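Engineer: Attaching a single structure in structure tokens format; questions to follow.
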Amino acid sequence: AKLNQLAKSKGKLYFGTATDNSELSDTGYTAILDDNTMFGQITPANSMKWDATEPEQGQFTFSGGDQIANLAKSNSMLLRGHNCVWYNQLPSWVSSGSFTAAQLTSIIQNHCSTLVTHYKGQVYAWDVVNEPFNDDGTWRTDVFYNTLGTSYVSIALNAARQADPNAKLYINEYNIEYVGAKATSLLNLVKTLKSQSVPLDGIGFQCHFIVGQVPTGLQSQLSTFAAQGVEVAITELDIRMTLPSTPALLQQQKTDYQNTIAACSAVEACVGVTVWDWTDKYSWVPNTFSGQGAACPWDQNFAKKPAYDGIAIGFGN
Ligand code: G3I
């Protein structure tokens, strides 16, 4: 059986993947992508980010995002919006601007509201705030935090809720998959936002893992966050290795994928799993971690790796 079918038979909403506009002209790639029994959900890897959607103040361009949204629609796949507010891939008019708190508040409100309104009714969930914390649990001192303190989070969430009341609103983060300072800070933020009735529906666990180092506490972390009254999802899964890949590494990777999927399977509030692209051909990993790669469940020639079977087993098959 195929992975989205398996996810659904386990009671999940979807198994999905990130994709990017430049990949959609590759017919070998789309032949596998365009199958909603394999992928029930897609996330645009880049084309809904701030630099892509509002490159100059007040000038919105949705062509790239629309291409992915239309693909989701024509294939009957869920769409995750990614993202409204993030320190990275920010156009310089935002990152280097010097704004008063009032100015930046309305800039965030206008960006989130225009973006979320444009895709209203088409998006299952939005990563409204992406990666707000440093690994040591302190807040990232980006333009948002430096100008507005922690209030930028609720400013963005409120704007998104007004724009599309039916979209699930997420904070998405990495290195929260195990107990530590960063996870604790995010958990405390969730508690604070909930106590203030700020609209927040979900926490995204990115899960950019390393072969042989999948955190054993993942399932427990998913449950800990869900206990605060949010859903959770695995939003950007990949499991990289030091190249070259060997049969032993691929077997370990299979186990690692299986354990990661099994953690979501075991937690009722975990709604689904998204891989951060399904093929090694288009993984972000080698561009960022030199000498590492082979992180996806399909290889660069679109052949299934042992990891594919690991995912299937993780969904209970
Ligand atoms: O669009 C330009 C192109 O015009 C130029 O010729 C080319 C040359 O380098 O760069 C292209 O932009 C690249 C962009 O991806 C589109 O391909 C950027 O350099 C590159 O940095 C960018 O990388 C993206 C990365 O986010 C940026 O931080 C990855 O594709 C994307 O997969 C990755 O996704 C992030 C999530 O959003 C958040 N969590 C972590 C995850 C992995 O880093």
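Engineer: Take LYS194 and tell me if it is more than 15 Å from the ligand (Cβ to nearest atom), under 24 Å from THR114 (Cβ atoms) and among the charged types (D, E, K, R).
Structural biologist: no
Engineer: Among the numbered conditions (1) within 16 Å of the ligand (Cβ to nearest atom); (2) polar (S, T, N, Q); (3) touching a Gly at 6+ places or on another chain (Cβ under 9 Å), tell me where SER290 comes up short.
Structural biologist: Going through (1) within 16 Å of the ligand (Cβ to nearest atom); (2) polar (S, T, N, Q); (3) touching a Gly at 6+ places or on another chain (Cβ under 9 Å) one by one, SER290 breaks only (3).
Engineer: Only one of (1) surrounded by fewer than 19 Cβ atoms within 10 Å (Cβ to Cβ); (2) among the polar types (S, T, N, Q); (3) under 28 Å from SER185 (Cβ atoms) fails for THR260. Which number is that?
Structural biologist: Unmet condition: (1).
Engineer: For the condition in contact with a Phe, Trp or Tyr (Cβ under 9 Å, 6 or more places away or on another chain) and at pLDDT 95 or above, what is the one hit in THR27, THR53, THR37?
Structural biologist: On inspection, the qualifying residue turns out to be THR53.
Engineer: For the stretch 232-251, what are the residues that are of a type outside the set (A, V, I, L, M, F, W, C) and either modelled with pLDDT under 95 or touching a helix residue (DSSP H, G or I) at 6+ places or on another chain (Cβ under 9 Å) (or both)?
Structural biologist: The initial filter retains those residues of the stretch 232-251 that are of a type outside the set (A, V, I, L, M, F, W, C), namely 235-236, 238, 240, 242, 244-247, 251.
The answer is ASP238, ARG240, THR242, SER245, PRO247, GLN251.
Engineer: Select from the stretch 233-247 the residues that are without any contact (Cβ under 8 Å) to a residue 40 or more places away in the chain and either within 13 Å of the ligand (Cβ to nearest atom) or β-branched (Val, Ile, Thr) (or both) and list them in ascending order.
Structural biologist: LEU237, THR246
Engineer: Identify, from the list VAL230, VAL285, the residue that is out of contact with any Phe, Trp or Tyr (no Cβ under 6 Å at 6 or more places or on another chain), within 16 Å of the ligand (Cβ to nearest atom), touching a residue at least 24 places away in the same chain (Cβ under 8 Å) and under 29 Å from TRP126 (Cα atoms). Even if it seems obvious, please write down each step before you answer.
Structural biologist: Details: VAL230 fails: within 16 Å of the ligand (Cβ to nearest atom).
Of VAL230, VAL285, the one residue that is out of contact with any Phe, Trp or Tyr (no Cβ under 6 Å at 6 or more places or on another chain), within 16 Å of the ligand (Cβ to nearest atom), touching a residue at least 24 places away in the same chain (Cβ under 8 Å) and under 29 Å from TRP126 (Cα atoms) is VAL285.
Engineer: If the requirement is being out of contact with any strand residue (DSSP E or B) (no Cβ under 6 Å at 6 or more places or on another chain), more than 24 Å from ASP66 (Cα to Cα), buried (at least 23 other Cβ atoms within 10 Å of the Cβ) and not hydrophobic (A, V, I, L, M, F, W, C), which of these qualifies: GLU173, GLU177?
Structural biologist: GLU173
Engineer: Separate question: Return the pair list, or none, for Cβ contacts closer than 6 Å from residues in the stretch 72-96 that are in contact (Cβ under 8 Å) with a residue 40 or more places away in the chain and under 19 Å from GLY202 (Cα atoms) to residues that are of a type in the set (Gly, Ala, Ser) and within 15 Å of the ligand (Cβ to nearest atom), at least 6 apart or on different chains.
Structural biologist: Hits for this filter: ARG80/ALA125.
Engineer: Sort out which residues of the stretch 6-30 are free of Cβ contacts under 8 Å to residues at least 12 places away in the same chain and more than 16 Å from the ligand (Cβ to nearest atom), and write them in order of number.
Structural biologist: Those that are free of Cβ contacts under 8 Å to residues at least 12 places away in the same chain and more than 16 Å from the ligand (Cβ to nearest atom): THR27, THR30.
Engineer: In a helix (DSSP H, G or I) and either surrounded by 22 or more Cβ atoms within 10 Å (Cβ to Cβ) or away from the ligand (no atom under 13 Å from the Cβ) (or both): does that describe THR37?
Structural biologist: The answer is no for THR37.
Engineer: Can you give me the number of residues within the stretch 139-170 that are within 19 Å of the chain's Cα centre (by Cα) and surrounded by fewer than 20 Cβ atoms within 10 Å (Cβ to Cβ)?
Structural biologist: Residues that pass the stated criteria total 2.
Engineer: Residues LEU189, LEU115: which one is within 16 Å of the ligand (Cβ to nearest atom), in a helix (DSSP H, G or I) and buried (at least 20 other Cβ atoms within 10 Å of the Cβ)?
Structural biologist: LEU115
Engineer: To continue, here is another question. So, in the stretch 124-145, exactly how many residues are more than 21 Å from PRO55 (Cα to Cα) and more than 16 Å from the ligand (Cβ to nearest atom)?
Structural biologist: 6
The values are calculated or read from the model by the stated rules, or taken from the named source; none is laboratory data. Quick caveat, the model's predicted, so the values are computed rather than measured. Every residue, glycine among them, receives a Cβ derived from its backbone with ideal geometry; neighbour counts consider all protein chains shown.
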